[in-house]
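Structure, as structure tokens:
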């Protein structure tokens, strides 16, 4: 770390006085210093992400034969994905459900983050802890809790029947896409909340005063100043939530019915009961590509909006 | 089922505890547990690891092992045996795993198993021979067996006697009854559903590999789908839904009906006129079992009288030890749909026939499509 504060000249002199070559190299090349600092992370990333990903990519071109694989490098799996309607339907449904859950979450947590950023002045940490408290419990417990809330004899159904609003329990609450979207929206809310809160918190308060001085009312101030400035957080939160929920299978397995099966359930079965790993790999790659395309479209939309707003 | 209610009084509390864990397992979420649990002293010798369904990891089934070694064996849990096999094939090693009789030829093709020397099991002479004397269990097993049988029973229908209006005889038609659309529950395991649907479609099991059979079975399952509220391997969910009246009938194994009767829910485990699906399951030993001696102790405990009394009295599954039946009178056994002579039950129903992996893959793929609505 001493290197960082010495000037190049001094170091060059030091090198001239017989310092070892590596130190001199380090001092001269900022890029090299950066690479060395990044090295541990890059190695871990390589071993745990890039190599398995490459293996999965390779496997997706193989074929399952009984209990073995034939590495015949064919496009058969992808052709099947493209030609059989079940795959595109499940993929589109998963993207749709993840979008619905993400939208619901962002709309619901934005006011929460807003309140936290602008109206809480003391004990902010305590507030943050209280708001994120539900996320301290296991993801599974939260999903099970929703079963208790949405179930046939659940809190909502018995409550509504008690008041006399309904005579029979509402069936669409559990084992449906609604149930999966509601559960996902709650279970992943913290991932959307925190980035939005951080970007709101960072907004320079003098900008808000300026807009008030220039005659903006509170509503226009929100739409013309606060919302645009917090968009980085909204976009980050959207991605953090959308990407993992597309591939979620636990929630669909526990609270979804026959019509709420997602692409994640199908991928899990390929690696399990159906026992066709190459197909599972091809489906996973297809899902990643689909998420990338949707993500890029979303970013493009945001950029277009930004340009239009100017 | 009054005979069963009498069994129930002392054991109600244990049921809920098991139910929650089992729900997690059904979606494949509980990995090897015991060895990772904190605070449990590791014995100097390694315990045997048993890879099984949730619910079979209770001390009552391993009493002799616990007496000898002071602790339970280690457990790993699967949602369905095929998932377990997938994990073994990708390198996970357990001493024992819990598939069923019809799986033996296909599972042996993986080369992951070793024959079991029955002369090392002191309880083996009490095991009912009809349950294990099958050609594919003895073939190339060096005088032993590939699978030590442990539990047997039926896949049939549990229905609410107060909510379901039965017309005529009990039949698989109960699960295809349009009057109860949206109140039918189904297992998700193809190994159960596909064969039961074959019975419903009238496909003889000998012809189940033909294209015609695939079409006929797919057709009845597609016809049923709009009526189905949920497909799940989580029997606790099915039980709860039957108890609350959300479902009026569901495809289940013996234990659902027995456990619900314990909870005084009016249900019956149907004996369909077309015959139920019957099965015998048990344990196979891994080729590279790390603790084979202890694995033999586990097997011996599982086929002991005390394990058998618990398995039949608490879960309602048939056991393999003939002396375990002495604890029950005929009326109780009949109420549990069991018999001292298992072939009375097993032969009255239909037993699946071993199939090659290609069939299995095709069946599971087709079944998954049907569940997803295609």
Please determine, by comparing only the residues of region B:240-249 that are within 13 Å of another protein chain (Cβ to nearest Cβ) and touching a helix residue (DSSP H, G or I) at 6+ places or on another chain (Cβ under 9 Å), which one is surrounded by the most Cβ atoms within 10 Å (Cβ to Cβ).
-> B:247
From the list B:360, B:304, B:343, which one is over 29 Å from residue B:91 (Cβ atoms), buried (at least 20 other Cβ atoms within 10 Å of the Cβ) and either touching a residue at least 24 places away in the same chain (Cβ under 8 Å) or over 18 Å from the mean Cα position of the chain (by Cα) (or both)?
-> B:304
Return a yes/no flag: does region B:124-141 have any residue that is within 30 Å of residue B:265 (Cα to Cα) and assigned to a loop (DSSP other than H, G, I, E, B).
-> no
Those residues of region B:176-202 which are within 14 Å of chain A (Cβ to nearest Cβ), closer than 30 Å to residue B:78 by Cα and surrounded by fewer than 20 Cβ atoms within 10 Å (Cβ to Cβ) amount to B:182
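Results for (1) under 17 Å from residue B:242 (Cα atoms); (2) touching a helix residue (DSSP H, G or I) at 6+ places or on another chain (Cβ under 8 Å), shown as yes or no for each residue.
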{"residue": "B:138", "(1), (2)": "no, no"}
{"residue": "B:141", "(1), (2)": "no, no"}
{"residue": "B:145", "(1), (2)": "no, yes"}
{"residue": "B:148", "(1), (2)": "no, yes"}
{"residue": "B:162", "(1), (2)": "yes, no"}
{"residue": "B:165", "(1), (2)": "yes, yes"}
{"residue": "B:176", "(1), (2)": "yes, yes"}
{"residue": "B:199", "(1), (2)": "no, yes"}
Out of B:334, B:309, report the one residue that is over 30 Å from residue B:273 (Cβ atoms) and away from chain A (no Cβ under 14 Å).
-> B:309
Based on what the data block shows, is residue A:237 within 9 Å of chain B (Cβ to nearest Cβ), surrounded by 24 or more Cβ atoms within 10 Å (Cβ to Cβ) and touching a helix residue (DSSP H, G or I) at 6+ places or on another chain (Cβ under 9 Å)?
-> no
Among A:108, A:92, which is the only one that is part of a helix (DSSP H, G or I) and within 14 Å of chain B (Cβ to nearest Cβ)?
-> A:92
Do you know which of the residues in region B:56-92 that are away from chain A (no Cβ under 14 Å) and within 27 Å of residue B:134 (Cα to Cα) is surrounded by the most Cβ atoms within 10 Å (Cβ to Cβ)?
-> B:61
Have a look at B:151, B:173 and point out the one that is touching a strand residue (DSSP E or B) at 6+ places or on another chain (Cβ under 9 Å) and either in a helix (DSSP H, G or I) or buried (at least 20 other Cβ atoms within 10 Å of the Cβ) (or both).
-> B:151
Regarding residue A:267, is this residue within 25 Å of residue A:78 (Cα to Cα), in the same structural domain as residue A:202 (by TED's automatic domain parsing) and without any contact (Cβ under 8 Å) to a residue 24 or more places away in the chain?
-> yes
Screening A:183, A:178 for residues that are under 21 Å from residue A:140 (Cα atoms), free of Cβ contacts under 8 Å to residues at least 60 places away in the same chain and in the same structural domain as residue A:304 (by TED's automatic domain parsing) leaves only A:178
Reported set for region A:253-263 where residues are surrounded by fewer than 24 Cβ atoms within 10 Å (Cβ to Cβ) and more than 7 Å from every other protein chain (Cβ to nearest Cβ) is A:260
Checked B:205, B:214 against criteria (more than 22 Å from the chain's Cα centre (by Cα), away from every other protein chain (no Cβ under 14 Å), over 30 Å from residue A:151 (Cα atoms) and at pLDDT 95 or above); the one match is B:214
If we scan region B:220-229, do we find a residue that is part of a loop (DSSP other than H, G, I, E, B) and surrounded by 21 or more Cβ atoms within 10 Å (Cβ to Cβ)?
-> no
Answer yes or no as to whether residue A:230 is more than 11 Å from every other protein chain (Cβ to nearest Cβ), touching a residue at least 12 places away in the same chain (Cβ under 8 Å), assigned to a helix (DSSP H, G or I) and at negative phi.
-> yes
Kindly indicate whether residue B:233 is within 14 Å of chain A (Cβ to nearest Cβ) and either in contact with a helix residue (DSSP H, G or I) (Cβ under 7 Å, 6 or more places away or on another chain) or farther than 28 Å from residue B:111 by Cα (or both).
-> yes
Extreme residue, nearest to residue A:257 (Cα to Cα), among residues of region A:132-181 that are more than 13 Å from chain B (Cβ to nearest Cβ), touching a helix residue (DSSP H, G or I) at 6+ places or on another chain (Cβ under 7 Å) and modelled with pLDDT of 85 or more = A:181
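The values are calculated or read from the model by the stated rules, or taken from the named source; none is laboratory data. Only a predicted model underlies this, so the values are computations on that prediction, with no experimental measurement involved. We place every Cβ from the backbone using ideal geometry, glycine too, and count neighbours over all the protein chains shown.
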